[in-house]
Number of protein chains: 2
Amino acid sequence: MERKTQLRESDMPRQWYNIAADLPTPPLPPLGPGGKPVTPDMLAPVFPMNLIEQEVSTQRWIDIPEEVLDILYQWRPTPLRRAVRLEQYLKTPARIYYKDESVSPPGSHKPNTAVPQAYYNKVFGIKRLTTETGAGQWGSALAFACQLLGLECKVFMVRISFDQKPFRKLMMQVWGAKCIASPSSETNAGRRFLKEIPDTPGSLGIAISEAIEAAVTDPTGQTRYSLGSVLNHVLLHQTIIGLEAKKQLKAAGEKLPDIVIGCAGGGSNFAGLSFPFTADKINGAKMEIIPVEPAACPKMTRAPFHYDHGDTACMTPLLAMYTLGHAFVPPPIHAGGLRYHGMAPLVCQGIVEGLFKPRAYHQSRCYESAMTWAKTEGAICAPETSHAIACVIEEAEKARQEGKEKVILFNYSGHGLMDLSGYDAFLSGRLSDYDLPEEELKKYTKDLENLPKAEMRKSGRW
Amino acid sequence: MERKTQLRESDMPRQWYNIAADLPTPPLPPLGPGGKPVTPDMLAPVFPMNLIEQEVSTQRWIDIPEEVLDILYQWRPTPLRRAVRLEQYLKTPARIYYKDESVSPPGSHKPNTAVPQAYYNKVFGIKRLTTETGAGQWGSALAFACQLLGLECKVFMVRISFDQKPFRKLMMQVWGAKCIASPSSETNAGRRFLKEIPDTPGSLGIAISEAIEAAVTDPTGQTRYSLGSVLNHVLLHQTIIGLEAKKQLKAAGEKLPDIVIGCAGGGSNFAGLSFPFTADKINGAKMEIIPVEPAACPKMTRAPFHYDHGDTACMTPLLAMYTLGHAFVPPPIHAGGLRYHGMAPLVCQGIVEGLFKPRAYHQSRCYESAMTWAKTEGAICAPETSHAIACVIEEAEKARQEGKEKVILFNYSGHGLMDLSGYDAFLSGRLSDYDLPEEELKKYTKDLENLPKAEMRKSGRW
């Protein structure tokens, strides 16, 4: 039995899978001002039209351009690995496989969409992309993609991360990007926030506002904004993960997995692995598909399904999603990539349908799982990834109790080499767990009453 | 044409290659007190006897134990990649291949020997290993190996790195090792240095002295010392790199490479890739084999071949090598792994023979090459690795000028994600180059006059 299942370049998928073609009930449309569905034209100042077309497409398969494949080949196909040493340690009859997305140069799954986004902007004649980044995974992925495709890139990095993670900033600079602390004096939004709270640590909400403003106010019209998760086209680009995994599981002698697991912040790494398998579940296959979130930021497990803005400053259209409210400020857990108030509408529609069963864990349990991983498999995982691993260990132990030979597949979304401070807190006993008090949840979601309701539409098949 | 050539576990080499069996003239023996050749018994308090046997072996092939293979499989076989985008950028007819050793959990080639060293100590009944580390690559690799094999590990880390690189220290702690700043108050040597210079930044020489002392003074006799380069058995373990590369080049449709390149600090990553190819050169194949060093620490290109100690405090036996003198303190270049005064005796004997032609570069040129690499291949390399890349680019440009379709192979010894401060210095124009003034070279090598001369023995075939 081989521990790694590799594909050749020539076996890499040439098309992305669009789950919008197969969901039994389509997700609710995004709404613009006045509660009317957003038209492609309304998004044109923010995104190039070719990406907007992908955003609204219901075509099942979408070709991956050759120039995009040419860059993805730098680290793809990624290996499918079997966690043999973890299995032995847990004495589980389960076979645990993971798709290793940590092997990309920026260290996570993020470049899977950064590269096509940079590419589509480039062919649309755009010269410059702006974006925001919290922990830095997304900012460095977009910097990497822009460097390889010859675009300029400006990243608004939440000030507290900018100050605490100088190495992330440096990665972006090595890839030629300009990385500035947000709030900055470069935008109206930034200046306003700086005036109101001069020593603010910043937030993802503010950084998004600045990045969008910087894009739409460029007088040359050659700048656009890029988002690293949540939107349909972003999730689409990530499906290459699950499509590869399917071929690899087959090559490893397995049929479909019994359980598919991914951590979920905005939803892109979870969707990337699980959507191609969800197609099988829609067609009748029996499978548990589990998105995992932090208990400190429990939108999928505790928040209402409602229309809400994607950013704090209410600049984005309204999306139908599980949301803690756009004004919600998640506690300072170490998994920065999971600190987002909402969830991708396509993932939410899957939850509404009953296709996905979300689960939440405290970060101390996740770090315990990460330590077990380091001790057995040897690698140091990202704090986000540790949430998936906590669920994997729970399911593998359950399989042992049940004496069942389950196949568990999860997305190893990134390594933790740039995010070791959480391990430090864990090892020195300084790690805190957070629970969202019910009254706080009510406070933040009360705002939603002023926004349109999202009707729960489901086929009732799950 | 595929960019990656992968091997299956079942194709991984099952034996290491020992070049001592094939060198036309054997290297000079290490000398102990009184200038007499060291006997295995004299090394027994420092290393376990099974590793000492490897150190003195002249057997060509040495079996890799199953338990070692079982751990190496966690990241091996490593991919052989072709740097297509760099080739295109340089418009070179050369085909550039690299062995990607950055994919190991600690991020470099170092665990290739850390794992077997921990294993042989374990089967010899040893419970605890001590070592020193400068930049931290070796310390984290040994911590990783000890964690997976269930040994305790104590790492003496040069104080200045300990303070400047908290993340390296954290990596070791995640893998269960104890990492302490050197000089420490735990050893006589450390206490003496601390008393003499209370605010000393420490040095590799002091840290080696402390690690050896901590091993040999353990009253239980269950502690040994472990070294990450220089010695024969360390280089032996690294030959798995070149043995894999040979199979992969063949699978990629190539014959032998025309040029083999590796950076060289103590010599282990260079030897690991090049020794299996050196065997072909000894047997008549035409090949240039180039170890690359920093101009700031030019032992191979400018220093005498002489007997010298491996450490500053003269605790180690005398080794016949190119050496800048054991008291030499290399300038603070960012490639910490190349800041060593000597070179592995087996590599030195190859240089004496004319099999290897060393080359030296300034670090600014190396960082320029690293930036070209990041821009084309997308990955951020270690400062050590950038020395190999500088040479690769020089040779690829030469191939273009000559219009020759050469095959260049190099060792991508590690990623630079934990060592980004050198990039910061380069990008902000604060990077200095260092040349060793002739008078300083003379000053440090004058000490060698009190030590036995090393006779240059060569076959004259190259």
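The values are calculated or read from the model by the stated rules, or taken from the named source; none is laboratory data. Nothing here was measured: the structure is a model prediction, and the numbers come from that model. With ideal geometry, Cβ positions are generated from the backbone for all residues, glycine too; neighbour counts draw on all protein chains shown. Each accessible area value is taken on the protein alone, full model and side chains, heavy atoms only, with ligands, DNA and RNA left out. Shrake-Rupley method; radii C 1.70, N 1.55, O 1.52, S 1.80 Å.
Kindly indicate whether residue B:445 is within 18 Å of the chain's Cα centre (by Cα), among the β-branched types (Val, Ile, Thr) and not in a loop (DSSP other than H, G, I, E, B).
Taking the combined requirement at face value, the residue does not satisfy it.
Within region B:52-79, how many residues are more than 14 Å from chain A (Cβ to nearest Cβ) and either in contact with a Ser or Thr (Cβ under 9 Å, 6 or more places away or on another chain) or small (Gly, Ala, Ser) (or both)?
1
Could you list, in sequence order, the residues of region B:355-371 that are within 12 Å of another protein chain (Cβ to nearest Cβ) and either of a type in the set (Phe, Trp, Tyr) or over 21 Å from residue A:111 (Cβ atoms) (or both)?
Once the filter is applied, which keeps residues that are within 12 Å of another protein chain (Cβ to nearest Cβ) and either of a type in the set (Phe, Trp, Tyr) or over 21 Å from residue A:111 (Cβ atoms) (or both), region B:355-371 yields only B:367.
When region A:415-433 is examined, which residues are found to be within 24 Å of residue B:107 (Cα to Cα) and in contact (Cβ under 8 Å) with a residue 12 or more places away in the chain?
Within region A:415-433, A:415, A:416, A:417, A:418, A:419, A:420, A:421, A:422, A:423, A:425, A:426 meet the criteria.
Which residue pairs have Cβ atoms under 8 Å apart, sit 6 or more places apart or on different chains, and have a first residue in region B:1-14 that is within 20 Å of residue A:104 (Cα to Cα) and among the hydroxyl-bearing types (Ser, Thr, Tyr) and a second that is modelled with pLDDT of 95 or more and open to solvent by less than 20 Å² (accessible area, probe 1.4 Å)?
So the pair list comes out as B:5/B:79; B:5/B:80; B:5/B:248; B:5/B:249.
Does region B:390-409 contain any residue that is open to solvent by 10 Å² or more (accessible area, probe 1.4 Å) and within 14 Å of another protein chain (Cβ to nearest Cβ)?
no
I'd like to check which strands (runs of 3 or more DSSP E) are fully inside region A:170-266 and have at least 2 residues that are within 14 Å of another protein chain (Cβ to nearest Cβ).
Where strands (runs of 3 or more DSSP E) fall fully within region A:170-266 and carry at least 2 residues being within 14 Å of another protein chain (Cβ to nearest Cβ), they are A:178-182.
Hey, among the residues in region A:1-17 that are open to solvent by 60 Å² or more (accessible area, probe 1.4 Å) and over 21 Å from residue A:254 (Cα atoms), which one's farthest from the other protein chains (Cβ to nearest Cβ)?
A:15
Which of the following residues is away from chain A (no Cβ under 14 Å) and either on the phi > 0 side of the Ramachandran plot or buried (at least 16 other Cβ atoms within 10 Å of the Cβ) (or both): B:40, B:45, B:30?
When all the criteria are applied, what remains is B:30.
Taking the stated definitions as given, is residue A:350 buried (at least 22 other Cβ atoms within 10 Å of the Cβ), under 16 Å from the mean Cα position of the chain (by Cα) and at pLDDT below 95?
For residue A:350, the condition - buried (at least 22 other Cβ atoms within 10 Å of the Cβ), under 16 Å from the mean Cα position of the chain (by Cα) and at pLDDT below 95 - is not met.
Please go through (1) touching a Leu at 6+ places or on another chain (Cβ under 8 Å); (2) more than 23 Å from residue B:232 (Cα to Cα) for residue B:93 and return the number of the only condition it doesn't satisfy.
(1)
Which one of the conditions (1) without any contact (Cβ under 8 Å) to a residue 40 or more places away in the chain; (2) surrounded by 19 or more Cβ atoms within 10 Å (Cβ to Cβ); (3) among the acidic types (Asp, Glu) does residue A:280 fail to meet, given that it meets all the rest?
Status for residue A:280: all satisfied but (2).
Look through B:271, B:295, B:320 and report the one residue that is over 14 Å from the mean Cα position of the chain (by Cα), among the aliphatic types (A, V, I, L, M) and buried (at least 23 other Cβ atoms within 10 Å of the Cβ).
Within the list B:271, B:295, B:320, the selection yields B:320.
Count, please, the residues in region B:180-200 that happen to be in contact with a Ser or Thr (Cβ under 8 Å, 6 or more places away or on another chain) and in contact (Cβ under 8 Å) with a residue 40 or more places away in the chain.
Number of matching residues: 1.
So is residue B:425 within 20 Å of the chain's Cα centre (by Cα) and open to solvent by less than 10 Å² (accessible area, probe 1.4 Å) or not? Give the steps one after another, and end with the answer.
Numbers: within 20 Å of the chain's Cα centre (by Cα): no; open to solvent by less than 10 Å² (accessible area, probe 1.4 Å): yes.
No; evaluated as a whole, the condition is false for this residue.
Restricting to region B:33-49, name every residue that is within 28 Å of residue B:355 (Cβ to Cβ), touching a residue at least 12 places away in the same chain (Cβ under 8 Å) and not aliphatic (A, V, I, L, M).
B:35, B:40, B:47 - these are the residues of region B:33-49 that are within 28 Å of residue B:355 (Cβ to Cβ), touching a residue at least 12 places away in the same chain (Cβ under 8 Å) and not aliphatic (A, V, I, L, M).
Suppose we filter A:342, A:337 for residues that are open to solvent by 10 Å² or more (accessible area, probe 1.4 Å) and under 18 Å from residue A:227 (Cβ atoms); which single one remains?
Checking each option against the conditions leaves just A:337.
With B:379, B:327, B:374 as the choices, which residue is open to solvent by 10 Å² or more (accessible area, probe 1.4 Å), of a type outside the set (Val, Ile, Thr) and within 14 Å of chain A (Cβ to nearest Cβ)?
Numbers: B:327 fails: within 14 Å of chain A (Cβ to nearest Cβ); B:374 fails: open to solvent by 10 Å² or more (accessible area, probe 1.4 Å).
Sole residue among the options that is open to solvent by 10 Å² or more (accessible area, probe 1.4 Å), of a type outside the set (Val, Ile, Thr) and within 14 Å of chain A (Cβ to nearest Cβ): B:379.
Given region B:65-133, what strands (runs of 3 or more DSSP E) lie entirely inside it while holding 3 or more residues that are open to solvent by less than 20 Å² (accessible area, probe 1.4 Å), closer than 28 Å to residue B:260 by Cα and not aliphatic (A, V, I, L, M)?
Strands (runs of 3 or more DSSP E) meeting the threshold: B:95-100.
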